[in-house]
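Input: a single structure, listed below in structure tokens.
Bear in mind that the values in this text are calculations on the coordinates, not laboratory data. Note that the structure is predicted; figures quoted are calculated from it, not measured. We place every Cβ from the backbone using ideal geometry, glycine too, and count neighbours over all the protein chains shown.
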Amino acid sequence: MRAIGVIQLVLLLWMGSGVLTPGSASAAPAAPPLDGGAAWYPRVIRLQHADAAHNGRILAATNTGAGGTIHESTDDGRTFRKISQIPAAPAPGEFSCCAALFEFPRALGSSPAGTLIWATSINTVGGGESQPDPNARIVAWTSADHGYTWTPLPAPIVTGSTGHGLWEPEFSEVSGQLVMHFSDKTQQPAFGQTLARVRSADGGRTWSAKVNTVASDVPADSPGMPVVRRLPNGRYVMVYEYCELAPVPDGHGCRVHLRTSADGWDWGDPRDPGTIIRTADGKHLAHAPTVAWAPGGGPQGRLLVVGKLVRTGGDTGQADVLPESGRTVLVNTANGAGAWYEIDAPVRVGIDLTPPDPGLYQPCQNYSSPLLPSVDGSRVLEIATDVADGTCKAYVATGPSSGTGDAAGVADGAVYRAVNLGSRRCLDVSEGAVANGTRIQQWACSGALAQRWRAERRAAGVFSFVNPKSGKCLDVPNGNISVDPGDKVHLWTCNGTGAQDWLPVAVGRSAYLVKPRNNQALCLDVADGSTADGAEARVTPCTNAASQIWHLGAAG
């Protein structure tokens, strides 16, 4: 966790006086507040394992310096009401931070399915950066009545007496055991901070020794803020920030990483930092991520990830903060493999990069914003925090989980490169040839003329794509008569027939399915979903697989 000292200071002031002196307040998001009160580090779940009367209700939790507040929605997130408060009761000079909320999907120990657990970290003010934290701990409460009342677990889940604290609990269920992931700064000086995990075979009453999940040999590295989801295929996915000082002093702004596990307990080599989540055009998220899985949008559903900032930059050099920050969710249809694409976040937070009060703004604005897809996956609810009236407040909104479904964003006469999200390779004219019948393939993106395509509008939402080097069109052989599954595409003299008419269909910002006009049940695809150079382009039945999604970005 980064900037923890300012979080502690803000929360201590809040606990002591209830008033914070604001700087020049930024405009609040155009979304309703959760309840109008002060709130940090929100979490949200939909009850799925309770009784028939409560399943489908949405519970939202927010953190305060003294504990947690639980809100309930019975109208799919349109409105919420407060139903309980959980007194974490930190001692003087301590504070509660960064809580988790989880519903038991099955009976665990003596606790039935539908039991709720809420956990928070208790740390010493100042312990996250410069002072020892002799009584760090993560404590938890359970609820047997859907969040209305809470009972504390008899002992802390984990404790620490050295280093700079324990942070950010996160729960999952693995083979009948309850697993808690967390950020651990008590292993200093060997590790600056690790991601660690423990497990319980009795529903949380007793716990195993901790095991590191991500632990760098570089003491300055700080992986933190893990969030875990179980996928329908039985695998687990984790996202987290990985703050590093090398190779540039800026540390790339705590880039968001992803890793997967076949069983939810074994996450591989702890020294493997994981995979950076990146779009086809090199954007990545930084700081405080969360992840959700949504059905639909592809044969494997979709992963949705949000982070505090959107940045761009490679593994060396400056990582610039982009204006999309605070208003972007990244989406992937291949369980995290390949490139990601952008959609609009339901809550839009205007990130202030030079805030008047860093101790208030930095740990508040769009900080660990949870996502909750609708049951059918067509929409997604987000709770995000922002500064208003001199304090941090939570805002909630629901929006579409996909793009506009039309050709919005494709401009007549614009020259694009088309990057396949499954392979991160570009749509390419084989060997840069200009002859009719030259096959179209994917190839490592190079900026060559063979990978440039000019969009020429043919009708509303319909375009031909012309290779500027040859002046010839992307064409389906005999496509003016019929277009069939498996037809390969090639280069051909532009002739104005339906064989060269294509409909870009936006699934996200600059991300499109590309359909032949004469058979819109088919999509431009790469043979067998290959990720290899030279794999042929063809049309296949649309499934929204990653190999059928193309990022159209400005060429050159």
With Cα atoms, 0 to 90° folded angle of helix 4-17 axis to the chain main axis: 50 degrees
Backbone N under 20 Å from the ALA113 label point (7 Å along Cα→Cβ), restricted to the stretch 132-155: 143-147
Taking SER470, SER96 and counting other C-beta atoms within 10 Å, the order from fewest to most: SER470, SER96
Coarse-grained scattering of the stretch 478-556 at q = 0.13 Å⁻¹, given as base-10 log I(q)/I(0) from a Debye sum over alpha-carbon atoms: -0.39
Label point distance in nm, ASP484-ALA155, each placed 7 Å from Cα along Cα→Cβ: 7.1 nm
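Which translational diffusion coefficient, to the nearest whole µm²/s, is obtained for the stretch 439-507 from the Stokes-Einstein equation, given a Kirkwood hydrodynamic radius over C-alpha pairs, 37 °C and 0.692 mPa s?
On the way: Rh = 12.7 Å.
Reported coefficient: 258 µm²/s.
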Cα centroid separation - the stretch 260-274 against the stretch 280-358, whole Å: 22 Å
Longest to shortest principal axis, alpha-carbon extents of the stretch 467-521, angstrom: 31, 28, 18
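Rank-order 404-415, 375-386 by packing density, defined as the average count of other C-beta atoms within 10 Å over each peptide's residues, highest first. Could you put the intermediate results ahead of the total?
On the way: 404-415: 14.6, 375-386: 22.2.
Top to bottom by mean Cβ count within 10 Å: 375-386, 404-415.
Strictly over 30 Å apart at the Cα level, which of LYS283/LYS472; LYS472/LYS515; LYS82/LYS283 would you flag in this model?
In this structure, LYS283/LYS472; LYS82/LYS283 exceed 30 Å between Cα atoms.
Report D for the stretch 406-556 in µm² per second (integer): Stokes-Einstein, Kirkwood Rh on Cα pairs, 4 °C, 1.567 mPa s. Show your work: numbers first, answer last.
Working: Rh = 14.6 Å.
In µm²/s, the coefficient rounds to 89.
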Where labels lie 7 Å past Cα in the beta-carbon direction, separation of ALA448 and ALA554 in nm: 2.5 nm
Amide H contacts of VAL125 (H built 1.01 Å from N, under 5 Å, at least 5 apart or other chain): GLU94, PHE95
Residues in the stretch 29-73 that a label on ASP389 would reach, taking backbone N under 16 Å of a point 7 Å out along Cα→Cβ: 29-40
The stretch 201-306, Cα convex hull volume normalised per residue, Å³: 131 Å³
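How big is Rg to Rh over the stretch 103-233, alpha-carbon atoms, Rh as the Kirkwood inverse-mean-distance radius? Present the calculation step by step, with values, prior to reporting the outcome.
Working: Rg = 15.1 Å, Rh = 15.3 Å.
With Rh from the inverse mean 1/r over Cα pairs, Rg/Rh is 0.99.
Which whole-number percent is the relative contact order of the stretch 455-529 (Cα, under 8 Å, 6+ apart)? Write down the numbers at each step before the final one.
On the way: 130 pairs, mean separation 18.8, N = 75.
Dividing the mean separation by the residue count of the stretch 455-529 yields 25 percent.
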Fewest-first sequence of PHE191, PHE95 by Cβ atoms within 10 Å of each Cβ: PHE191, PHE95
Sorted by Cβ density within 10 Å, fewest first, the residues GLU94, GLU456: GLU456, GLU94
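Could you size up the charge dipole of the stretch 243-402 around its Cα centre, putting +1 on the beta carbon of Lys and Arg and -1 on that of Asp and Glu, and report it in debye to the nearest 20?
220 debye
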Debye equation applied to the C-alpha atoms of the stretch 33-139, log10 I(q)/I(0) at 0.21 Å⁻¹: -1.08
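Mean residue ellipticity at 222 nm from the helices of the chain, using -39,500 (n - 2.57) per DSSP H segment of n ≥ 4 over the full residue count, to the nearest 500 deg cm²/dmol? Intermediate results must be reported in sequence, preceding the final value.
Working: 2 runs with 18 residues, N = 556.
-1000 deg cm²/dmol, from helical runs alone.
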Label-point gap, in nm, between HIS49 and ASN233 - each point 7 angstrom along Cα→Cβ: 2.3 nm
Length-normalised contact order of the chain in % [C-alpha pairs under 8 Å, at least 6 apart]: 11 percent
Those lysines that a straight Cα-Cα span of less than 24 Å connects to LYS210, excepting residues fewer than 8 apart in one chain: LYS185
Cα Rg, Dmax (largest Cα-Cα span) when computed across the chain, Å: 24.9, 79
